[in-house]
């Protein structure tokens, strides 16, 4: 090594502003980023905590995990009511086959008991369904069509009670047909709502608020 190389001082690096990019800019993406899917417990906490909230948006995992619990509650409750009613009245089965009033009097409590969970938790279900419709960019007023079968069911119950109190069994066949028609209508209209609720969240913010599933850029939790 010669004297000139030994005495030469190291030169500082040249600073170029374009070489340094802020961390936020490095992580930023103009494309929608997806948040993790809600787990069962977390989704149900949100579902039931917002039981009276018809505003905002709800992603699929929030709605369907909560709806699963609702479906289990109503199904198990209705099944238990039917089993108990059958077990209590099995010894009177022959009598009910020939006496319509006896049949109505013994199965009326079953219908009333089966309505308890439906009425108790129907508001949180419709609230979540409204937010789910908002999430796919649709008005929450679409749930009105799913209320039509419920109105038919309530009308059937009214006629059932009227026939029971007046001891008029001539309307029993009409009541049964009405119940079957309301059930068929419920299936048809539920398919429409089902298709909407199965759609993915809209990534962009809409008139109902930001997407609960997608976000743009960097999100710090």
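No lab work stands behind these numbers, since they all come straight from the coordinates. If you're wondering where the values come from, they're calculated on a predicted model, not measured in any experiment.
Of note:
- Calculated over segment 118-158: convex hull of Cα atoms, volume per residue (Å³): 56 Å³
- All alpha carbon pair distances within segment 36-200 were sorted into 10 Å bins beginning at 0; the resulting P(r) in whole percents reads 10, 31, 30, 18, 10, 1.
- Percent of C-alpha pairs per 10 Å bin, segment 118-212, short to long: 15, 35, 25, 15, 8, 2
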